[in-house]
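Presented below is the structure to which this report refers.
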Amino acid sequence: MKILTVDIPGKSYPVIIGEGNLHRAGEELLKLGFKRCVVITNPVVKGLYGNTLDRPLEENGIKANTLVVPDGEEQKSLENASRLYSQLDGLAVDRTTPILALGGGVIGDLAGFVAATYLRGLPLVQLPTTLVGQVDSSLGGKVAVNYGGLKNRIGTFYQPKLVLSDITTLTTLPRKEFVNGLAEVIKSAVIADKDFFCFLEDNLSQLIDQDPDTLEEVVFRTARIKASIVSKDEYDFGIRHLLNFGHTFGHAIESVSEFKIAHGEAVGIGMVMAAELSLLLGFFSRDDPERLEGLIRRAGLPTKLPPLNKKEIIRVLTQDKKVEGGKLKFVLLGSLGEAFVSEIDNTDAVREIVETS
Ligand SMILES: NC(=O)c1ccc[n+]([C@@H]2O[C@H](COP(=O)([O-])OP(=O)(O)OC[C@H]3O[C@@H](n4cnc5c(N)ncnc54)[C@H](O)[C@@H]3O)[C@@H](O)[C@H]2O)c1
Ligand SMILES: [Zn+2]
């Protein structure tokens, strides 16, 4: 088991990562002084881990009610938030009752949004069960629902009291979802930690085989990078932008593919494109994009654009909200493990990257 802290003044919280951690839920809640809780989850995760969580809660005398939201990204809606508010009314919870978000990023974002807003805020505990959840979405306090066809349109920043990541839950994750999460793992390494990048190069097959020690180390090191970045920039005005590496191209690819290309796949391609852009603009050395591309490919992610309308990708990129004063905002690499935000007025370079990818 490994522990780190997200160190935000007045709101710091522990992130506990390890095998079988759901069994610790009861004692960890008691440590925080909670004797009752409401679990929000979906039918898939409830079927797999509902009982695993209920038992330690019961053994520690913690009363739990469970609210279930259907599975899927489209469930991250105001309608579901509203339904959950009514259900919480029915359970007569008060401001000392924590919400436990048991599931992937969809549940984490929706349950977190409900926790942030109901009665002006209930304590939140994240119990992420996907790789994306454990290395990315449960950390840093961004909670949101989708609205008007736009992702994360309504939301806020609301830090949890605890993140308890049970890496054993990842064994039941569909392969595609696991590989999706690997995109965020590789992203974190390449923007902030060259040693970790080399570790991934050396241990990728053990990671893909979900060797528990390797998995624990990887979830811990990735979570530590995110924790360190969000601790310095809670509200995403500065250094937190680095976490968008590969995401500017990635979002354009997702959007032009009408979301047929999964987020992690789009970020895989987007990272290769951002690395090529860094090279073209003279920041990145020649061999490094190949190393990054090699790791992404070995992880099972795509590295080349599939047949999509490239003109449309360029249009989305140049109209993206990252355009400021006619400049395009990109996260670029100086070397492996070192990223920076750059405002580029050379849209020809961006076009060239799309056309040659
Ligand atoms: N708040 C943030 O900072 C942040 C960061 C990244 C992503 N997100 C959000 O997270 C969401 C994506 O999260 P995700 O990738 O975890 O997807 P997800 O929550 O949809 O989970 C993926 C699938 O795996 C299933 N599942 C979950 N745990 C399982 C397990 N242990 N075994 C088997 N199946 C399991 C889910 O039911 C779902 O079908 C998006 O809505 C995205 O916007 C938020
Ligand atoms: Zn992402």
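The values are calculated or read from the model by the stated rules, or taken from the named source; none is laboratory data. Please read these numbers as outputs of a predicted model, since none were measured by experiment. Note: ideal-geometry Cβ built from the backbone for every residue, glycine included; neighbour counts use all protein chains shown.
Which of the residues spanning the stretch 83-93 are over 13 Å from Thr66 (Cα atoms) and modelled with pLDDT of 95 or more?
Filtering the stretch 83-93 down to residues over 13 Å from Thr66 (Cα atoms) leaves 83, 85-86, 89, 92.
Arg83, Tyr85, Ser86, Asp89 - these are the residues of the stretch 83-93 that are over 13 Å from Thr66 (Cα atoms) and modelled with pLDDT of 95 or more.
Please pick out the residue among Ile239, Ile253, Ile208 that is free of Cβ contacts under 8 Å to residues at least 60 places away in the same chain and of a type in the set (A, V, I, L, M).
Just a single option satisfies the conditions, and that option is Ile239.
Select from the stretch 24-35 the residues that are assigned to a helix (DSSP H, G or I) and without any contact (Cβ under 8 Å) to a residue 40 or more places away in the chain and list them in ascending order.
Result: Gly26, Glu27, Leu30, Lys31.
So which of Thr96, Thr52 ends up being among the polar types (S, T, N, Q) and within 19 Å of Pro160 (Cα to Cα)?
On the way: Thr52 fails: within 19 Å of Pro160 (Cα to Cα).
Among Thr96, Thr52, only Thr96 is among the polar types (S, T, N, Q) and within 19 Å of Pro160 (Cα to Cα).
If I filter the stretch 277-302 down to residues being surrounded by 19 or more Cβ atoms within 10 Å (Cβ to Cβ) and not in a helix (DSSP H, G or I), which single residue comes out as modelled with the lowest pLDDT?
The selected residue is Phe284.
Have a look at Asn180, Asn203 and point out the one that is within 27 Å of Met273 (Cα to Cα), within 16 Å of ligand 1 (Cβ to nearest atom) and not assigned by TED's automatic domain parsing to the domain that holds Leu53.
Values: Asn203 fails: within 16 Å of ligand 1 (Cβ to nearest atom).
Criteria check complete, one pass: Asn180.
When only residues in the stretch 243-267 that are more than 14 Å from ligand 1 (Cβ to nearest atom) and within 23 Å of Glu338 (Cβ to Cβ) count, which is surrounded by the most Cβ atoms within 10 Å (Cβ to Cβ)?
Phe249
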